[in-house]
Amino acid sequence: MANPFSATADRAPVCSLSYLHPQPDSPWLTYLAQVDRVLPHLGPLARWGETLKRPKRALIVDVPIEMDDGSVQHFEGYRVQHNLSRGPGKGGVRYHPGVTLEEVMALAAWMTIKNAAVGLPYGGAKGGIRVEPSRLSRKELERLTRRYTSEIGIIIGPQQDIPAPDVNTNAQIMAWMMDTYSMNIGATATGVVTGKPIPLGGSLGRVKATGRGVFVTGSEALRRMGLDVKGLRIAIQGFGNVGGTAAELFAQAGARIVAVQDHTGTVVHEGGLDVAALARHVAAHGGVGGFDGGQAIGAEDFWAVGCDVLIPAALEGQITAERAEKTTARLVLEGANGPTLPAADDVLASRGILVVPDVICNAGGVTVSYFEWVQDFSSFFWDEDDVNMRLDKILGNALARIWDTADRLHITLRTAAFVVACERVLQAREERGLYP
Ligand code: NAD
């Protein structure tokens with residue numbers, strides 16, 4: 001009989017997790033498929049590949065709060081630390097009714113890849129609460145945030161895991177998180193979250209950093225493709241922090257924003273939407289729906305709008321194989337995390353459409369979060385030009401390395417980004433060894 005404790009015992013690889021029952025379009029399955037594509041390129045390091053397919057730690061918390069009407073409601077919250085081999089966990093917190101453990105696991109895993117692909121000294125983490133925040137009053141939102149922070153307080157900290165904003169969370173929510181954590185430990189700990197307001201240790205340039213990163217990596221991709229930004233037609237899904245900033249910067253550089261879609265509607269204008277007017281409309285009405293500076297079209301028609309560049313900057317799983325067949329874009333810039341399903345990746349590659357993957361395209365946010373964390377520790381703050389200059393340099397270098405890897409191995413930019421990142425993560429894993 002084989003000794004079950006022997007390293008040579010005959011064991012099938014165990015990749016499934018007993019607590020998950022993923023649907024076919026699950027972001028976690030998308031992530032696993034991306035990892036499977038990279039393993040053949042990792043040589044001997046592939047023996048550690050299973051590390052990438054499991055979150056190191058996943059915390060599910062009950063978040064009860066007293067509502068303004070005196071009732072008590074319970075919300076489900078999560079914090080997942082996917083990998084901590086290269087440093088503390090780092091990743092945002094999402095408030096959305098569709099948040100699930102599986103989604104947070106995938107988002108945490110993409111943070112591991114992103115931080116390693118860019119060379120930031122972090123592991124990957126992510127958090128979220130299943131909630132529709134627009135239904136809560138400001139006071140309820142504050143109570144929810146403070147209780148959630150207390151519940152996950154056992155695993156976060158400036159040297160353990162550093163949350164940041166994501167969908168439907170912002171600088172105010174980071175301020176409440178920082179204050180709650182600080183009150184609980186009895187000392188002001190500015191470095192426990194990033195994306196804070198400037199007077200509380202936030203960094204200049206952080207708010208626009210993700211959209212700026214989309215613009216910087218996108219412009220470099222266009223330059224390498226021999227295309228000029230001026231006059232290019234751009235379609236953007238999502239007009240929040242990421243999509244809104246990317247629209248503003250591309251429009252300033254002379255591109256035409258021909259279509260914008262968000263959760264309230266889709267507007268198109270062949271001659272280019274007035275981005276500043278659209279931003280004012282969104283601020284006043286909560287979405288692009290009803291904007292009279294363009295024509296409203298059906299949600300599915302967005303994917304067939306004539307454009308040169310497509311920027312998904314909303315949620316994951318948006319570019320399906322069918323939508324990938326429809327697009328006229330030559331370049332896809334992934335502002336969102338995980339917006340392209342693996343089958344769609346294949347369609348885009350076969351049609352010769354280049355994809356700058358999320359793990360580099362939207363890495364501007366976490367890069368400036370890293371700057372914020374460094375500034376908080378040193379209590380020395382940089383001016384915005386300094387922040388932007390360092391950001392452009394880090395993203396430019398990371399993209400160049402990924403591009404070279406893609407050329408050398410004849411693989412997509414996504415698989416190349418995963419090769420660069422997984423090598424770094426698994427090398428750290430190997431050098432640290434297994435304890436005990
Ligand atoms: P946000 O809350 O500011 O904006 C989200 C946008 O998506 C809104 O315009 C919303 O209307 C739109 N949207 C939501 N559901 C939609 C739907 N079903 N169809 C079409 N549009 C929909 O969020 P954000 O910070 O801009 O984040 C957007 C994406 O970028 C997310 O995938 C997030 O994980 C990713 N991201 C954000 C950052 C950051 O620093 N904020 C960093 C890296 C990646």
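Paramagnetic label reach from SER16 (point 7 Å along Cα→Cβ; backbone nitrogen cut-off under 20 Å): within the stretch 50-81, residues 50-55. Length gained on full extension, GLU270 to ALA283: 2.4 nm, using 0.36 nm per residue less the C-alpha separation. Note on the chain: Rg/Rh from Cα positions, Kirkwood definition for Rh, rounded to two decimals, is 0.96.
Look at where the Cα atoms of the stretch 326-352 and of the stretch 89-157 average out, and the two centres are 26 Å apart. Placing +1 on the Cβ of every Lys and Arg and -1 on the Cβ of every Asp and Glu, with no other charges, gives the stretch 209-361 a dipole of roughly 420 debye about its Cα centre. Placing unit charges on the Cβ atoms of the charged side chains and taking the dipole of the chain about its Cα centre, the candidate lying farthest along the positive direction among ASN170, SER16, THR320 is SER16. Taking every DSSP bridge with both residues inside the chain, close to 50 percent are antiparallel. Each peptide among 67-77, 167-177, 226-236, 412-422 gets the average number of other Cβ atoms lying within 10 Å of its residues, and from highest to lowest they stand as 412-422, 167-177, 226-236, 67-77. Measuring against 23 Å, Cα to Cα, the residue pairs LYS326/LYS393; LYS56/LYS139; LYS56/LYS208; LYS53/LYS126; LYS56/LYS393 contain LYS326/LYS393; LYS56/LYS139; LYS56/LYS208; LYS56/LYS393 as the ones spanning a longer distance.
Amide H to amide H, with H built 1.01 Å from N, ASN83 comes under 5 Å of LYS56, GLY124, counting only residues 5 or more places away or on other chains. In whole percent, and with a 1.4 Å probe on the protein chains, what portion of the accessible area of the stretch 338-378 is carbon and sulfur? Carbon with sulfur: 59 percent of the solvent-accessible area.
Comparing ASP392, ASP358, ASP62 in a Gaussian network model of the chain (Cα springs below 10 Å), the most mobile by mean-square fluctuation is ASP62.
Quick one: if the Förster radius is 45 Å, what FRET efficiency do THR320 and ARG135 give, using the C-beta to C-beta distance and rounding to 0.05?
0.95
For ILE297 and ARG54, what does the FRET efficiency come to when R0 = 35 Å and r is the distance between their Cβ atoms, rounded to the nearest 0.05? Efficiency, rounded to the nearest 0.05: 0.25. Applying 1/(1 + (r/R0)^6) with r as the Cβ-Cβ distance of ASP386 and ALA46 and R0 = 41 angstrom yields a FRET efficiency of 0.55. Using a cutoff of 8 angstrom between alpha carbon atoms and counting only pairs six or more residues apart, the relative contact order for the stretch 209-361 works out to 22 percent.
Arranged from highest to lowest average of other beta-carbon atoms within 10 Å per residue, in what order do the peptides 125-133, 325-333, 43-51 appear?
Output ranking for 125-133, 325-333, 43-51: 125-133, 325-333, 43-51.
At a probe radius of 1.4 angstrom, the accessible area of the stretch 290-398 per residue rounds to 38 square angstrom.
The values are calculated or read from the model by the stated rules, or taken from the named source; none is laboratory data. Source: prediction; values computed, not measured. When we count neighbours, we look across all protein chains shown, and the Cβ atoms used for this are built from the backbone with ideal geometry, even at glycine. We work out accessible area using only protein heavy atoms, side chains counted, and drop any ligands, DNA or RNA first. Shrake-Rupley method; radii C 1.70, N 1.55, O 1.52, S 1.80 Å.
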